[in-house]
Amino acid sequence: MAKDKASSSNPMDPIVALCKRRGFIFQSSEIYGGYNGFFDFGPLGAELKKNLKDAWWKDMVHRRDDIEGLDSSIIMSPKIWVASGHVGGFSDPMVDCKASKMRYRADQLFFAPVVVAGETIGYVSTLEDADMQAQAEQKADKLKRKAGAQGELEPIVLKDYTEADPSEYPLIPSPATGEPGSLTAPRDFNLMFETKVGALSDNSATAYLRPETAQGIFANYKNVVDTGRVKIPFGIAQIGKAFRNEITPRNFIFRSREFEQMEIEYFIAPDADWQGCHREWIDRCLEWLVSIGLPTEMLGEDVHPQEKLSHYSRGTTDITFQFPFGEQELWGIACRGNFDLTQHQEHSGKSMEIFDEASKSKFVPHVVEPSLGVDRLLLAILTAAYAEDEIGGEKRSLLKFHPRVAPYKVAVLPLVKNKPELVEFAQALYKKLQRKYNVFWDQSGAIGRRYRRQDEIGTPWCVTIDFDTIEKDGKFTLRDRDTTEQTRIDEAELFAMLDTQLH
Ligand code: ATP
């Protein structure tokens, strides 16, 4: 799978610029110079994000009989994170550069020995990047020339820093300085943010901001079983904030330190066909992504090889997306067996068994876990929707959002603002629409410019109220964002169209 480019590359630039210009996403704490790894969602970003979450909730919870919703607290008993293994092992390998004070994820720092005519003349290193192989080869060529080495340069075989032999650490150049000798051995860096709860500030007060929403589901599984009417197989879904002290947040909102997740734990019997259930979830998730506007050809599947699976996982497949910086994980779908519930059963002393009426047996269920990042999805949606074309010889940039997720569904535009009956008609329609949808009102400027403004923020339809509307038949112009086609319709037709398109 292609890897993501370093954040200094620019395929993201038009999207980042558009997000800022139109109020989708801002760097957090911008007035104080920003705060790395945190973002704020402006008026349009907040709408887009809400629409994504609403669509997911509607399709995964409301429209299914076998999934219940949950909203658990962000800070929970630290015992939960001990039981889940996060206190002990939720870490990334980190390497420090003593010279520059930079920190890197060791598994994202790649290196290779440079061997000329059978002799190692030095090392090259590069940060994970879509074309890191080419970069490393260039560096090796340069090193060979500088050393004046004669003979054939052997192929450059990149490995990540976690695979380095300790004797190689002092020989590998730091990506910051280009010189060897300053990189430390990799060490585990726990990604959980710590905080203190209560008035005491000793160790007993230490708590964590949750690094995933999933454990809130496991911790409440018994409550849902005991109070609801669920029967195996069933799922519990949750949307909420998660926090990870990422060593190298990058690629805009792709990897940040505060983000939101939409997770489902789908509980199945221990003897159920878990592979079949896993496949069904992968297919369902792919279908859902397409249904909200991601093109099939930008989606892929990355099956984790057996030897790279976490100890509790029986199988994990990531749905990937072609981000501008490379193909990357969007949605992880993991079969976690009964690891989490068994851990909580052991650590809490509470039984996590369920009685299954159908088989008249008692067991701790297994789970399939589809886990999707809201912010990553939003970035994918923005990337896929962004387009540039030419209308009547004029360049335009537009966001081809699926109507379901578009921040505004309709813009109401009175053709002129100095004709009271016309503006009144438009206002009445605007108010009626507003009761059901998020609608934009714009009465100033040339109509072409007003259309362009809506195209750029992804509003699928504009309705223009003109003289014919008030003088003739009450019909107005409906303009389509993508085709720019215009048709005359009346109010009933408009509401019927919106009802079918936005269900
Ligand atoms: P990675 O290997 O990329 O660090 P992960 O495999 O640990 O991520 P999961 O724990 O499977 O990620 O998280 C599930 C989902 O949550 C991911 O597919 C992604 O959409 C989202 N996610 C995880 N970490 C981040 C982050 N730092 N910023 C934004 N979204 C994230």
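The selection criterion, being in contact with a Phe, Trp or Tyr (Cβ under 6 Å, 6 or more places away or on another chain), among the β-branched types (V, I, T) and more than 30 Å from F38 (Cα to Cα), holds for V367. Taken together, A176, A130, A185 contain a single residue that is in contact with a Ser or Thr (Cβ under 7 Å, 6 or more places away or on another chain), closer than 23 Å to E246 by Cβ and in a loop (DSSP other than H, G, I, E, B), which is A176. Taking segment 157-171 as the range and being under 13 Å from Y123 (Cβ atoms) and over 33 Å from the mean Cα position of the chain (by Cα) as the test, the residues that pass are D165, S167, E168, Y169, P170, L171.
Taking every residue in segment 492-503 that is assigned by TED's automatic domain parsing to the domain that holds L433 and pairing it with any residue that is surrounded by 13 or more Cβ atoms within 10 Å (Cβ to Cβ) and among the polar types (S, T, N, Q), at least 6 positions away or on another chain, yields no pair with a Cβ-Cβ distance below 6 Å.
Kindly provide the set of residues from segment 242-267 that are part of a loop (DSSP other than H, G, I, E, B) and either within 30 Å of D65 (Cβ to Cβ) or more than 9 Å from the ligand (Cβ to nearest atom) (or both), ordered by number.
N245, I247, T248, N251, F252
Hey, could you check segment 299-343 for residues that are polar (S, T, N, Q) and more than 13 Å from the ligand (Cβ to nearest atom) and say which is surrounded by the fewest Cβ atoms within 10 Å (Cβ to Cβ)? Filtering first and then ranking leaves Q306.
When R488, R479, R449, R435 are checked against the criterion of being basic (K, R) and crowded, with 17+ Cβ neighbours inside 10 Å, a single residue qualifies: R479. When C97 is tested against (1) touching an Asp or Glu at 6+ places or on another chain (Cβ under 9 Å); (2) under 30 Å from R145 (Cβ atoms), only condition (1) is not met. Mind checking which residues of segment 376-404 are over 21 Å from F39 (Cα atoms) and among the small types (G, A, S)? Answer for segment 376-404, where residues must be over 21 Å from F39 (Cα atoms) and among the small types (G, A, S): A387, G392, G393, S397.
Taken together, the residues in segment 96-127 that are part of a strand (DSSP E or B) and either outside the structural domain of G178 (by TED's automatic domain parsing) or acidic (D, E) (or both) amount to 2.
Residues checked against (1) at pLDDT 95 or above; (2) more than 19 Å from the chain's Cα centre (by Cα); (3) within 16 Å of the ligand (Cβ to nearest atom); (4) surrounded by 14 or more Cβ atoms within 10 Å (Cβ to Cβ):
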| site | (1), (2), (3), (4) |
| --- | --- |
| S29 | yes, yes, no, no |
| F38 | yes, no, yes, yes |
| G42 | yes, no, no, yes |
| G45 | yes, no, yes, yes |
| L48 | yes, no, yes, yes |
| W57 | yes, no, no, yes |
| E68 | yes, yes, no, yes |
| I75 | yes, yes, no, no |
| S91 | no, yes, yes, yes |
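Per this entry, K222 is counted among residues that are of a type in the set (K, R), assigned by TED's automatic domain parsing to the domain that holds K360, surrounded by fewer than 20 Cβ atoms within 10 Å (Cβ to Cβ) and under 24 Å from T342 (Cβ atoms).
Counting only strands (runs of 3 or more DSSP E) that sit completely within segment 344-391, those holding 3 or more residues that are touching a residue at least 12 places away in the same chain (Cβ under 8 Å) and away from the ligand (no atom under 16 Å from the Cβ) correspond to 386-391.
Okay, residues lined up against (1) among the β-branched types (V, I, T); (2) modelled with pLDDT of 95 or more; (3) within 21 Å of the chain's Cα centre (by Cα); (4) assigned by TED's automatic domain parsing to the domain that holds V82:
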position	(1), (2), (3), (4)
S182	no, yes, no, no
E194	no, yes, no, no
G198	no, no, no, no
A205	no, no, no, no
G216	no, yes, yes, yes
R229	no, no, no, yes
I232	yes, yes, no, yes
I236	yes, yes, yes, yes
F243	no, yes, yes, yes
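Kindly check whether there is at least one residue in segment 286-296 that is within 13 Å of the ligand (Cβ to nearest atom), assigned by TED's automatic domain parsing to the domain that holds W274 and either at negative phi or in contact with a Gly (Cβ under 6 Å, 6 or more places away or on another chain) (or both). Yes, there is a match, as at least one residue in segment 286-296 is within 13 Å of the ligand (Cβ to nearest atom), assigned by TED's automatic domain parsing to the domain that holds W274 and either at negative phi or in contact with a Gly (Cβ under 6 Å, 6 or more places away or on another chain) (or both).
The values are calculated or read from the model by the stated rules, or taken from the named source; none is laboratory data. Note that the structure is predicted; figures quoted are calculated from it, not measured. When we count neighbours, we look across all protein chains shown, and the Cβ atoms used for this are built from the backbone with ideal geometry, even at glycine.
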